[in-house]
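Enquirer: Starting off with a structure, shown below.
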Amino acid sequence: MEIFIYLIIFIMGTFFGSFFTLAVYRIPLKQDILYTHSYCPNCKHKLNTLDLFPILSYIILKGRCRYCGEKIRIRYFLLEILGGIVFLLYAISFKFNIMYFEIYKIIKFAFVILYFVSLFLIAGIDKENVKIEKCLLIYGFILSIAYIIYVCTNYKVNVYSYIIYIILMLIFMIINEILLHKYQKNNYYILLISLFSYMLIFSNLIGFIITFTISIIAIFINLIINKILKTTNNKIPIAFYISIINIIYMILVNYLQYYILKI
């Protein structure tokens, strides 16, 4: 029975993966991501239901648009698979048991999945444009408030640390707004610090330090590879690295908690 649950979660993840590709494309263009019908970026033809099934539609259409024949970027297919895998791995790390319905696990799973969604979008947009979208941090701020209220009313935690992190996040978002009005441009590094505060809320101080350290190492290795290959890239998508590594960290910590420490 658990296999059926995990299959549903994997399929749900592929649909989120499909949503990621749409959102990563539209958010930087300030286009609606919820109500505007999906369309081909090349011919602008609206896609019908048969064109929108994650993974299957790409395979059936052989990676091409049904209407104009333009090749669909492989990243769409890979992101759909990746979305399903991430959702599945995180669900397995919780050791869901259909015989024992543990509501606290369901709620935590939902919160962290919503957190992963924001990190995926931040990572995807930063990889393409070296840019952190303010709207995603606003989403993160609202999600963080809901998460803090849930955690502090159900568990014995240090509420003051959560308050400090959420205030820091808000302060740096306000600083960015002030700079935005002055220079007509979002400040990447100010928003990056706000992102750090967001991560602190969900992965705590130790988790963030581990994430940050591994991210620096990954960036350093990438710079060395680029230098060897003589690839010039002046802008480093820091938010991309730290978001992806934080997702991996969160999944591995859950495996450690439920399978090794058996908490």
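Enquirer: Please work out if CYS68 is touching a strand residue (DSSP E or B) at 6+ places or on another chain (Cβ under 9 Å), among the hydrophobic types (A, V, I, L, M, F, W, C) and in the same structural domain as PHE4 (by TED's automatic domain parsing). Working first, answer last.
Expert: Numbers: touching a strand residue (DSSP E or B) at 6+ places or on another chain (Cβ under 9 Å): no; among the hydrophobic types (A, V, I, L, M, F, W, C): yes; in the same structural domain as PHE4 (by TED's automatic domain parsing): yes.
Considered against the rule, which asks whether it is touching a strand residue (DSSP E or B) at 6+ places or on another chain (Cβ under 9 Å), among the hydrophobic types (A, V, I, L, M, F, W, C) and in the same structural domain as PHE4 (by TED's automatic domain parsing), CYS68 comes out as no.
Enquirer: I'd like to check something: does region 131-149 contain any residue that is basic (Lys, Arg), within 15 Å of LEU192 (Cα to Cα), touching a residue at least 40 places away in the same chain (Cβ under 8 Å) and not in a helix (DSSP H, G or I)? It would help to see each step written out before you state the result.
Expert: The first filter runs over region 131-149 and keeps only residues basic (Lys, Arg), leaving 131, 134.
Imposing the further condition that a residue be within 15 Å of LEU192 (Cα to Cα) reduces the set to 131, 134.
Next, only the ones that are touching a residue at least 40 places away in the same chain (Cβ under 8 Å) stay: 131, 134.
With the extra rule that they be not in a helix (DSSP H, G or I), the set shrinks to 131.
Within region 131-149, one or more residues are basic (Lys, Arg), within 15 Å of LEU192 (Cα to Cα), touching a residue at least 40 places away in the same chain (Cβ under 8 Å) and not in a helix (DSSP H, G or I).
Enquirer: Which one of LEU79, LEU89 is more than 28 Å from TYR150 (Cα to Cα) and part of a helix (DSSP H, G or I)?
Expert: Testing whether each residue is more than 28 Å from TYR150 (Cα to Cα) and part of a helix (DSSP H, G or I) leaves just LEU79.
Enquirer: Working carefully through the options LYS108, LYS95, LYS62, LYS44, find the one that is closer than 17 Å to ASN254 by Cβ and free of Cβ contacts under 8 Å to residues at least 40 places away in the same chain. Steps first, please.
Expert: Details: LYS95 fails: free of Cβ contacts under 8 Å to residues at least 40 places away in the same chain; LYS62 fails: closer than 17 Å to ASN254 by Cβ; LYS44 fails: closer than 17 Å to ASN254 by Cβ.
From the options LYS108, LYS95, LYS62, LYS44, the qualifying one is LYS108.
Enquirer: Now for a separate question. Can you confirm whether region 215-229 contains a residue that is within 19 Å of the chain's Cα centre (by Cα) and within 20 Å of ALA23 (Cβ to Cβ)?
Expert: No: region 215-229 contains no residue that is within 19 Å of the chain's Cα centre (by Cα) and within 20 Å of ALA23 (Cβ to Cβ).
Enquirer: Which ones in region 71-86 are out of contact with any Phe, Trp or Tyr (no Cβ under 6 Å at 6 or more places or on another chain), surrounded by 16 or more Cβ atoms within 10 Å (Cβ to Cβ), closer than 13 Å to PRO54 by Cβ and modelled with pLDDT of 85 or more?
Expert: First pass over region 71-86, keeping only residues out of contact with any Phe, Trp or Tyr (no Cβ under 6 Å at 6 or more places or on another chain): 71-76, 78, 80-82, 85-86.
From the residues that got through so far, the ones that are surrounded by 16 or more Cβ atoms within 10 Å (Cβ to Cβ) too are 72, 76, 80-82, 86.
Subset that is closer than 13 Å to PRO54 by Cβ: 72, 76, 80-82.
GLU80, ILE81, LEU82, listed by residue number.
Enquirer: Something else about it: Which of the residues that make up region 154-212 are polar (S, T, N, Q) and not in a helix (DSSP H, G or I)?
Expert: Start the filter on region 154-212 by keeping residues that are polar (S, T, N, Q), which leaves 154, 158, 161, 176, 184, 186-187, 194, 197, 203-204, 211.
Correct list: ASN158, GLN184, ASN186, ASN187.
The values are calculated or read from the model by the stated rules, or taken from the named source; none is laboratory data. Keep in mind the model is a prediction, meaning the values are calculated, not measured. Neighbour counts run over all protein chains shown; Cβ positions are idealised from the backbone, glycine included.
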